[in-house]
Amino acid sequence: MAKDVLCEVNNCTYWGNGNKCNADAIYVVSQKGKQASNSEETDCKTFAPEA
Ligand code: SF4
């Protein structure tokens, strides 16, 4: 399990100062089904826009 998740998406509900993700867990998915060829093909599905 990842201990620290750093993230640049600063309009996410879970985003915190220092680029820290404050979610208890995150779910990462591939844009191409179950596999990816590089990091650009992956996405954080836990993302929730700030209200
Ligand atoms: S939930 Fe995902 S998008 Fe939101 S801060 Fe954490 S890693 Fe970034």
Next on the checklist: Run the simple label-point estimate for N22 and A36 please: 7 Å along Cα→C-beta, distance reported in nm.
Outcome noted: 2.4 nm
Checklist outcome for this item: Counting only protein heavy atoms and rolling a 1.4 Å probe, one gets per residue an accessible area for the chain in Å² of 87 Å²
Item to check | Partner lysines for K3 [C-alpha distance under 21 Å; skip if fewer than 8 residues away on the same chain] | outcome: K20, K45
Next on the checklist: Beyond 13 Å, how much of the Cα-Cα pair distribution for the chain remains, as a whole percent?
Outcome noted: 60 percent
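The values are calculated or read from the model by the stated rules, or taken from the named source; none is laboratory data. None of these values were measured; they are calculated from a predicted model. Every residue, glycine among them, receives a Cβ derived from its backbone with ideal geometry; neighbour counts consider all protein chains shown. Ligands, DNA and RNA are excluded from the accessible area calculation, which covers all protein heavy atoms including side chains. Shrake-Rupley method; radii C 1.70, N 1.55, O 1.52, S 1.80 Å.
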